[in-house]
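Let me begin by presenting the structure, written as structure tokens, before commenting on it.
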Amino acid sequence: YATMVAASLQEERVPLILRATVLEIGPGKVRQASPAFLERERQLQVMLDRAEARGEQVPTVAELLEVVVAPLYFYALFTTPVPAKEAGRFVDRLLETVDRRSGKESVTVD
């Protein structure tokens, strides 16, 4: 999933669209989660539920968003998008978080 997000952020127009979206956010406006965001959260939860059903230790959706997805979008918005082949480093951090919580030794994803 992280590789797919990173690859999509490499597309020339995507960072421009993200920047335009951010410009639409006015100070002091109450923001609600968009339907697209809520649907993505639901999809991610389904993915995590399947992993848990296989017996894997899984992060929460919030952890996945904070540790993997948010940094990918941050780089795409403010600097240079992270190459897809490097997205695994965020996943490694997420797995370390899950491992610490469960008391297990960390596993690295290639």
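What the table below lists for this structure:
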quantity	calculated
For the chain, convex hull of alpha carbons as volume per residue, Å³	118
Exposed-loop-free span, longest in the chain, where trypsin sites (Lys or Arg not before Pro) count as exposed if DSSP calls them loop and at most 15 other C-beta atoms lie within 10 Å	55-103
Relative pair counts by distance (%), Cα atoms of region 14-54, 5 Å bins	5, 18, 14, 19, 16, 12, 8, 5, 2
Accessible surface of the chain, 1.4 Å probe, proportion on carbon and sulfur as whole %	57
Added length on full extension, which subtracts the Cα-Cα distance from 0.36 nm per residue, V14 to R42	7.9 nm
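The values are calculated or read from the model by the stated rules, or taken from the named source; none is laboratory data. These numbers were taken from a predicted model, which means no experiment stands behind them. A quick note on method: Cβ atoms are made from the backbone with ideal geometry, for glycine too, and the neighbour counts reach across all protein chains shown. For the accessible areas, the whole protein counts, side chains as well, though only heavy atoms, and no ligand, DNA or RNA atoms are used. Shrake-Rupley method; radii C 1.70, N 1.55, O 1.52, S 1.80 Å.
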